[in-house]
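J.: Before we start, here is the structure in question, set down as structure tokens.
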Amino acid sequence: MFTTAWATLKAARGQGFDPARLAKPSSLTVAQFDAMLADLCSKLAYMSALNLQALAEQVANLPGGKGQDRFPIATRILGWAAEIQPPADDASPLFRAVFAHALGQQALVEGWAPELLGELRRTRLWPKGYDLRLIQERAAEARRRITKQDEQLARGQGISDAERAFRDRRDQAETRCRRIAALACEAAS
């Protein structure tokens, strides 16, 4: 997929799109631009060929720079890529790093990993103090909700389809968190 991403980005740079011949960003040297493209391609390797083509078209139609004649910066392209085809949870180096770190391990042990994963998906930033407190509060509420459901089930009462779906989604997220942590640990060894 790396070669597909490389070819697609070269096309977006102007070799495959007729009117828009995009120059490198003026703030980068040729070497820096080539390094940016190589790094960008490695980060886009998860995308399907069709979605890479869609991204290339978007890059060509939304150029950067004052004159709108420059290749957009990598962060902008990565943002578009995430909108077109979000990376799988286990493909993100950030997710792997968080769940390999003591923070992620603590979240797994204490039961707030699904909410941590949700926050990582939403912000794509390493969570800090205040954010961690909010994540833990959301997790505490989710655990209270599940405890209440467990009590209902123990009394022989059913739970609604919405509540069952909530439990299933949270269980699936927990499983994804454990898989991400395992992948991170495998990569580290």
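J.: Quick check: is even one residue across the range 40-62 outside the structural domain of Ala181 (by TED's automatic domain parsing) and closer than 30 Å to Tyr130 by Cβ?
T.: Within the range 40-62 (the criterion being outside the structural domain of Ala181 (by TED's automatic domain parsing) and closer than 30 Å to Tyr130 by Cβ), the answer is yes, since at least one residue qualifies.
J.: Tally time: how many residues in the range 54-74 are modelled with pLDDT of 85 or more and among the polar types (S, T, N, Q)?
T.: 1
J.: Could you give me the residue pairs with C-beta distances under 8 Å whose first residue belongs to the range 96-114 and is over 20 Å from Arg169 (Cβ atoms) and assigned to a helix (DSSP H, G or I), whose second residue is modelled with pLDDT under 95 and among the acidic types (Asp, Glu) wherever it lies, and which are 6+ apart or on separate chains?
T.: Note: pairs meeting the criteria are Arg96/Asp90.
J.: Out of the range 77-123, which residues are among the basic types (Lys, Arg) and loosely packed, with under 14 Cβ neighbours inside 10 Å? Walk me through it before giving the result.
T.: Narrowing the range 77-123 to residues among the basic types (Lys, Arg): 96, 121-122.
Scanning the range 77-123 gives a single hit, Arg122.
J.: Out of all the residues in the range 147-188, which are exposed (fewer than 12 other Cβ atoms within 10 Å of the Cβ) and touching a residue at least 60 places away in the same chain (Cβ under 8 Å)?
T.: Ala187, Ala188, listed by residue number.
J.: Here are Pro86, Pro127: which of them is in a loop (DSSP other than H, G, I, E, B) and either modelled with pLDDT of 95 or more or closer than 30 Å to Pro25 by Cα (or both)?
T.: Numbers: Pro127 fails: either modelled with pLDDT of 95 or more or closer than 30 Å to Pro25 by Cα (or both).
Of Pro86, Pro127, the one residue that is in a loop (DSSP other than H, G, I, E, B) and either modelled with pLDDT of 95 or more or closer than 30 Å to Pro25 by Cα (or both) is Pro86.
J.: I'm trying to understand the selection: among the residues of the range 55-71, which are in contact (Cβ under 8 Å) with a residue 24 or more places away in the chain and not aliphatic (A, V, I, L, M)? Working first, answer last.
T.: Looking only at the range 55-71, we keep the residues that are in contact (Cβ under 8 Å) with a residue 24 or more places away in the chain, and these are 55-61, 63-65, 69-71.
Answer for the range 55-71, where residues must be in contact (Cβ under 8 Å) with a residue 24 or more places away in the chain and not aliphatic (A, V, I, L, M): Glu57, Gln58, Asn61, Pro63, Gly64, Gly65, Asp69, Arg70, Phe71.
J.: Within the bounds of the range 137-146, is there any residue that is without any contact (Cβ under 8 Å) to a residue 60 or more places away in the chain, outside the structural domain of Cys41 (by TED's automatic domain parsing), exposed (fewer than 12 other Cβ atoms within 10 Å of the Cβ) and within 30 Å of Gln32 (Cβ to Cβ)?
T.: No, the range 137-146 has no match at all.
J.: Among Cys177, Cys185, which is assigned to a helix (DSSP H, G or I) and at pLDDT below 90? Outline the logic, then answer.
T.: Values: Cys177 fails: at pLDDT below 90.
Testing whether each residue is assigned to a helix (DSSP H, G or I) and at pLDDT below 90 leaves just Cys185.
J.: Moving on to the next point. Hey, can you tell me all the residues within the range 62-76 that are surrounded by fewer than 16 Cβ atoms within 10 Å (Cβ to Cβ) and more than 23 Å from the chain's Cα centre (by Cα)?
T.: Lys66, Gly67, Gln68, Asp69
J.: Follow-up. Determine which single condition Ile146 fails, assuming it passes every other condition in (1) more than 12 Å from Pro114 (Cβ to Cβ); (2) more than 26 Å from the chain's Cα centre (by Cα).
T.: (1)
The values are calculated or read from the model by the stated rules, or taken from the named source; none is laboratory data. These numbers come from a predicted model, not from an experiment. Positions of Cβ are generated from backbone atoms using ideal geometry, with glycine treated the same way; all protein chains shown enter the neighbour counts.
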